[in-house]
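Okay, structure first, notes after.
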Amino acid sequence: MNTLQAITFDLDDTLWDNHGVMLRTEEGHYRWLREALDVWRAARQESALALTHDAGREDYLQRRQQLAQEVPERRGDFTWLRLRALEAQLEAQGLPRSAALMWAAAAMNEFHRLRVQVTPHPEAAGLLAALTQRYRLAAITNGNIHLSRQPLAAYFPVAIAAGELLAPKPDPTPFLAALSRLNVAPECAMHVGDSWQEDVLPAQQLGMHAVWISSTESQPLPARVHRIAHIKELPDVIERIAKDGAETRHSGGVYSH
């Protein structure tokens, strides 16, 4: 039995609740853009954009979805999709390309400012601080949060933004990239996340331990997969894995004479 040496973590809805954050960020950055643009255009004696706020948001969403279909290799790079969609929308509304580029970039800066305003679970920082004393840690996320600006960044010397690799989870590439940078074999690592499809299955298929954060109780679990309801339960899983490993080594004759 291989000893656990490293733990990788999903971020959104694993170390913090993300639903409210995304709602505020989605609404907030687009509202900021429209209000700032109105002021800018008024100062230039130009009329406001023809699109209403609600119609603009819907158009923005449709442009992102269309781009994801047209450029499938970028489907997981949400920052790129948003930036290109905003540029196209603003140009379609009559802004010169240089202005469209400037304002789309400014809106995405506001997006990232709002996106990092997450509130980690109260137990998260203490848990990660304790784990860093025993394990190598990494973050693997499909989200477009700026990893270096998120509140728990100091605990993750290795941080993988899967979309920027053009290989969003469940593609194994971000997991393999993290394992390579951690210099650890899959069987000596564990991944923790809330998605069965994007976190548990790819980790388990690579031979890693996988911890699924879920309140679902009915689904049977394959070998090396563990289920918890909240990140605060993770130490219990790690303790069980260590105990099982010790028992396996002992029964296999490691300590026998």
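The values are calculated or read from the model by the stated rules, or taken from the named source; none is laboratory data. Please read these numbers as outputs of a predicted model, since none were measured by experiment. In this analysis, Cβ positions are derived from the backbone assuming ideal geometry, glycine residues included, and neighbour counts consider all displayed protein chains. All accessible areas refer to the heavy atoms of the entire protein, side chains included, with ligands and DNA or RNA removed. Shrake-Rupley method; radii C 1.70, N 1.55, O 1.52, S 1.80 Å.
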The range 118-257 - Debye-derived log10 I(q)/I(0), Cα point model, q = 0.10, 0.18, 0.20 Å⁻¹: -0.35, -1.14, -1.40
Residues with amide H under 5 Å from that of residue 227, placed H, sequence gap 5 or more: 212
Gyration tensor (Cα) of the range 1-42, equivalent ellipsoid semi-axes in angstrom: 42, 11, 4
Dipole axis of the chain (+1 Lys, Arg; -1 Asp, Glu on Cβ), positive-most option in 140, 23, 67: 140
Cβ-derived FRET efficiency at R0 25 Å, residue 53 paired with residue 109, nearest 0.05: 0.80
C-alpha center-to-center spacing [the range 68-111, the range 146-206] in angstrom: 27 Å
Integer Hz, Karplus 6.51/-1.76/1.60 couplings in order for the range 68-78, x for Gly and Pro: 4, 6, 6, 10, x, 5, 9, 4, x, 9, 5
Cα-based equivalent ellipsoid, the range 114-160: semi-axes from gyration tensor eigenvalues, Å: 18, 13, 7
On Cα atoms only, tilt of 19-43 relative to the major axis of the chain in degrees: 20 degrees
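I'd like the trypsin sites (Lys or Arg not before Pro) in the range 150-252 restricted to DSSP loop residues with at most 16 other Cβ atoms within 10 Å, sorted by number.
Values: sites: 181, 224, 227, 232, 240, 243, 249; in loops: 224.
Those that pass, being in a loop and sparsely packed, are 224.
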Per residue value of the accessible surface for the range 107-257 (all protein chains in place, 1.4 Å probe), Å²: 48 Å²
Radius of gyration and Dmax over the Cα atoms of the chain, both given in Å: 22.0, 90
For the range 74-187, alpha-carbon Rg over 2.2 N^0.38 Å: 1.30
Percentage relative contact order, the chain, counting C-alpha pairs under 8 Å, at least six apart: 25 percent
Candidates per trypsin sites (Lys or Arg not before Pro) in the range 40-124, loop by DSSP, up to 16 other Cβ within 10 Å: 44
Descending semi-axes in Å of the range 44-103, equivalent ellipsoid built from Cα gyration tensor: 23, 13, 8
Taking N as its residue count, the alpha carbon Rg of the range 1-82 over 2.2 N^0.38 Å: 1.62
